[in-house]
Amino acid sequence: MNQPQTLHAGYLRVKRVFDVVGALTLLVLLSWLLLLLALAVLLLEGRPVLFVQERPGRGGRLFKLYKFRTMRLAPEGQTAVEDTATDTARLTRFGRDLRATGLDELPELFNILKGDMSFVGPRPLLPEYLPLYSEEQAHRHDVRPGLTGLAQARGRNLLSWEERFAADVEYVQNASFGLDLRILAATVELVLRGRGAEAEGRPTSEPFNGNK
């Protein structure tokens, strides 16, 4: 796959400045909301308030992702992939509302500020998926993962894994500020309409088990 011209160092530096300024601005403006949600999670769900999990970022390097916790704690010894079988039972009513609005993702602003993520890019998935990607799909890690991405703008969890990965690679091939703005606008529209937060019949997608 040819590397897109938009991924040159100058583009990434400018995008990084936008990410830092945007994350700082939103953290200041939404600090009251972050505190309110943290208190709500603490009162309704208990500790810990944050869901922290290692995810692969640019180049496959692992980082700790921060989200508001939306599920009851998994039984001790269960892995993240195994947990997906009991997502429906573990997801709380408050957690479902948080996911539908996307507010559970707000702590990822700290990931953006730290440089782990960007506002727009392929969503960070589980480390267990890294060896399962095809050579083309692995290019989704050529850029920083995003708070939202082209796959999310096209339907979030309503898309199949193949459709999501194709959208991720399409983004890497065509990344630009104009595309980023269109993705952000489309994501806001989807969230406001409440579409795509859940896959058919379950709160999250089936785990990715490799290409057929």
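The values are calculated or read from the model by the stated rules, or taken from the named source; none is laboratory data. Values in this document were obtained by computation on a predicted structure and should not be read as measured data. Every residue, glycine among them, receives a Cβ derived from its backbone with ideal geometry; neighbour counts consider all protein chains shown. Heavy atoms of the whole protein, side chains included, go into the accessibility calculation; ligands, DNA and RNA do not. Shrake-Rupley method; radii C 1.70, N 1.55, O 1.52, S 1.80 Å.
Structure summary
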{"item": "Residue within region 57-76 that is β-branched (Val, Ile, Thr) and modelled with pLDDT of 95 or more present", "result": "no"}
{"item": "Number of the exception - residue 91 against (1) modelled with pLDDT under 85; (2) open to solvent by 70 Å² or more (accessible area, probe 1.4 Å); (3) touching a Ser or Thr at 6+ places or on another chain (Cβ under 8 Å)", "result": "(2)"}
{"item": "Residue match in region 106-123 (condition: at negative phi, in contact with a His (Cβ under 9 Å, 6 or more places away or on another chain), of a type outside the set (S, T, N, Q) and at pLDDT 90 or above)", "result": "yes"}
{"item": "Filtered residue count, region 129-152, keeping only those that are open to solvent by 50 Å² or more (accessible area, probe 1.4 Å) and more than 17 Å from the chain's Cα centre (by Cα)", "result": "4"}
{"item": "Residues (at pLDDT 90 or above and either in contact with a Cys (Cβ under 8 Å, 6 or more places away or on another chain) or open to solvent by 10 Å² or more (accessible area, probe 1.4 Å) (or both)) located in region 153-169", "result": "153, 161, 162, 163, 164, 166"}
{"item": "Filter result for residue 176 (surrounded by fewer than 20 Cβ atoms within 10 Å (Cβ to Cβ) and either under 24 Å from residue 18 (Cβ atoms) or in contact (Cβ under 8 Å) with a residue 60 or more places away in the chain (or both))", "result": "yes"}
{"item": "Check on residue 26, aliphatic (A, V, I, L, M), modelled with pLDDT of 95 or more, under 16 Å from residue 110 (Cβ atoms) and out of contact with any strand residue (DSSP E or B) (no Cβ under 8 Å at 6 or more places or on another chain)", "result": "yes"}
{"item": "Single residue of region 18-61 satisfying the filter (in a loop (DSSP other than H, G, I, E, B) and surrounded by 11 or more Cβ atoms within 10 Å (Cβ to Cβ)) that is nearest to the chain's Cα centre (by Cα)", "result": "57"}
{"item": "Qualifying position, being more than 15 Å from the chain's Cα centre (by Cα), over 17 Å from residue 123 (Cα atoms) and either modelled with pLDDT of 80 or more or aliphatic (A, V, I, L, M) (or both), among 178, 201", "result": "178"}
{"item": "Region 14-62, residues that are under 24 Å from residue 128 (Cα atoms) and hydrophobic (A, V, I, L, M, F, W, C)", "result": "50, 51, 52, 62"}
